[in-house]
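To keep things clear, I will list the structure first and then write my remarks on it.
The values are calculated or read from the model by the stated rules, or taken from the named source; none is laboratory data. Just so it is clear, the model here is predicted, and its values are computed rather than measured. All Cβ positions, even for glycine, are placed from backbone atoms using ideal geometry, and neighbour counts span all protein chains on display. Quick note on the areas: whole protein, heavy atoms, side chains included, nothing else; ligands and nucleic acids left out. Shrake-Rupley method; radii C 1.70, N 1.55, O 1.52, S 1.80 Å.
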Amino acid sequence: YPEIARVGENLSRPGIVHRLDNDTSGVMVIARTQKMFNHLKRQFKERHVKKEYNALAHGVIPQDHFILDFKIARGGDGRMVARPRSNVLSLKTIRSVQDGREAITECWVEDRFSHTTLLRVEPHTGRTNQIRVHLFAYNDPIVGDTLYTQKKYIRTVVEKSVGRLFLVS
């Protein structure tokens, strides 16, 4: 569709209305006209579009439903970071108070396996790497994630058998 060459806000990504994290599988929305691009962009911005993902997380998560609302910021190494909220503020905890932007991720357990949990995930905000960062901060990183993981999961049988990030929109 050569007509999309000048559609959008970024000419190197013509027509692309939203993004997916690297290595995430899923549906992309691409507009063929500037009018439709503006309309779709507004739909995403005003949260009229519901995004839903499936993720396989390390660990057996006991809750059937949970909401992660840790703020997300860029860390010193360039990766995104999130820390669970702390209600107790003291001289000991002041360094761990998380700055950053509000981020909300809602999760439902679809199935539990011996070492992993299949989740249905709905991000209510659109921060960079939000689902991956939230589940990593929750101590249940996504299977196959090479950026947000814990060393104990790097060479597990599950990681080797999946061979990629298990996050699908």
Sequence order, the stretch 19-33: Karplus ³J(HN,Hα) from phi using 6.51 cos²θ - 1.76 cosθ + 1.60, θ = phi - 60°, Hz rounded, Gly and Pro as x, gives 10, 10, 4, 3, 6, 8, 8, x, 8, 10, 9, 10, 8, 9, 10
With a 1.4 angstrom probe the carbon and sulfur portion of accessible area for the stretch 2-65, in percent, totals 51 percent
Sequence-distant lysines (8 or more away, or on other chains) whose Cα lies within less than 25 Å of Lys160:
Lys151, Lys152
Among trypsin sites (Lys or Arg not before Pro) in the stretch 1-90, those in a DSSP loop whose Cβ has at most 14 other Cβ atoms within 10 Å are Arg19, Arg32, Arg47, Lys50, Arg79, Arg85
Amide H neighbours of Ile104 under 5 Å, at least 5 residues apart or on other chains, H built in the peptide plane: list them.
His124, Thr125
Among the lysines, which have Cα under 25 Å from the Cα of Lys50 when same-chain residues fewer than 8 positions away are ignored?
Lys35, Lys41, Lys71
Taking every other residue with Cβ under 15 Å from the Cβ of Gln34 and scoring Lys and Arg +1, Asp and Glu -1, one gets +4
Given the -39500 (n - 2.57) contribution per DSSP H run of 4+ residues, what per-residue ellipticity at 222 nm results for the chain, rounded to the nearest 500 deg cm²/dmol?
-4500 deg cm²/dmol
Whole-Hz Karplus ³J(HN,Hα) for the stretch 136-143, in order, using 6.51 cos²θ - 1.76 cosθ + 1.60 and θ = phi - 60°, x for Gly and Pro?
5, 5, 7, 6, 9, x, 6, 4
Only Cα pairs under 8 Å and at least 6 apart count here; give the relative contact order of the chain as a rounded whole percent.
24 percent
If you fit an axis through the alpha-carbon atoms of helix 34-45 and take the longest principal axis of the Cα set of the chain, what angle between them do you get, 0 to 90°, nearest 10?
20 degrees
Mean accessible surface per residue for the chain, computed with a 1.4 Å probe while every protein chain stays in place, in Å²
62 Å²
Its Cα gyration tensor gives the chain an equivalent ellipsoid whose semi-axes in whole Å, largest first, are 30, 21, 15
Through the Karplus equation 6.51 cos²θ - 1.76 cosθ + 1.60, θ set to phi - 60°, convert the phi angles of the stretch 61-74 into ³J(HN,Hα) values in whole Hz; use x for Gly and Pro.
7, x, 6, 7, 8, 7, 10, 9, 10, 6, 5, 10, 9, 8
